[in-house]
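Written below as structure tokens is the structure these notes are about.
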Amino acid sequence: MELEKQQIEKFKQLAQLKNEKMILLTELENNQPQPLLLTENYDIEDSCVIYMDNGSVCACFPCGHKCMCQDCSAQDKINKCPICRAEIISVMRIY
Ligand SMILES: [Zn+2]
Ligand SMILES: [Zn+2]
């Protein structure tokens, strides 16, 4: 039957199109920039601004920016808030 043949042909074409689309999609996924994955379970607002791998547990006084880990807050050279550059008089550990 001619009509049936045509339908099969059409179906084959569709299947191929779908396949190509799938390949395109997987290619797109593979080309995704990696940093996106990093930010997924990574809360940047809750991280030390100096060493991003540490959590920020210390707040600058008097400006009040919680932006440093304990290691950084213990460093003498950090005497200005990394966020607003206000002078740090003391650092408060936040629990
Ligand atoms: Zn730090
Ligand atoms: Zn500040």
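Tell me which residues come under 5 Å, amide H to amide H, from Lys80 once H is placed; ignore anything under 5 positions away on its chain.
Amide H to amide H, under 5 Å and 5 or more residues apart or across chains, Lys80 pairs with Ile88.
If I stretch the segment between Lys18 and Glu4 completely, what's the gain in nm (0.36 nm per residue apart, minus their alpha carbon distance), one decimal?
Details: separation 14, 0.36 × 14 = 5.04 nm, distance 2.08 nm.
Full extension from Lys18 to Glu4 adds 3.0 nm.
Apply the Karplus curve 6.51 cos²θ - 1.76 cosθ + 1.60, θ = phi - 60°, to the phi angles in the stretch 89-95 and return the couplings in whole Hz, x for Gly and Pro.
7, 8, 10, 10, 7, 9, 10
Which whole-Hz ³J(HN,Hα) couplings does the stretch 75-84 yield from phi under the Karplus relation 6.51 cos²θ - 1.76 cosθ + 1.60, θ = phi - 60°, glycine and proline marked x?
Whole-Hz 3J(HN,Hα) from phi for the stretch 75-84: 7, 5, 5, 8, 10, 10, 5, x, 8, 10.
Using amide H atoms built 1.01 Å from N in the peptide plane, name the residues 5+ places from Ser47, or on other chains, whose amide H lies under 5 Å from its own.
Ser56
Under 29 Å from the Cα of Lys12, which lysines turn up, not counting those fewer than eight places away in the same chain?
List returned: Lys21.
List the residues, sorted by chain then number, that are 5 or more residues from Cys67 or on another chain and whose placed amide H is less than 5 Å from its amide H.
Cys58, Cys60
Under 16 Å Cα-Cα from Lys18, which lysines qualify once same-chain neighbours fewer than 8 residues away are excluded?
Partners found: Lys10.
We did not get these values from a lab; they are worked out from the coordinates using the rules stated. Just so you know, these numbers come straight off a predicted model, no measurement behind them.
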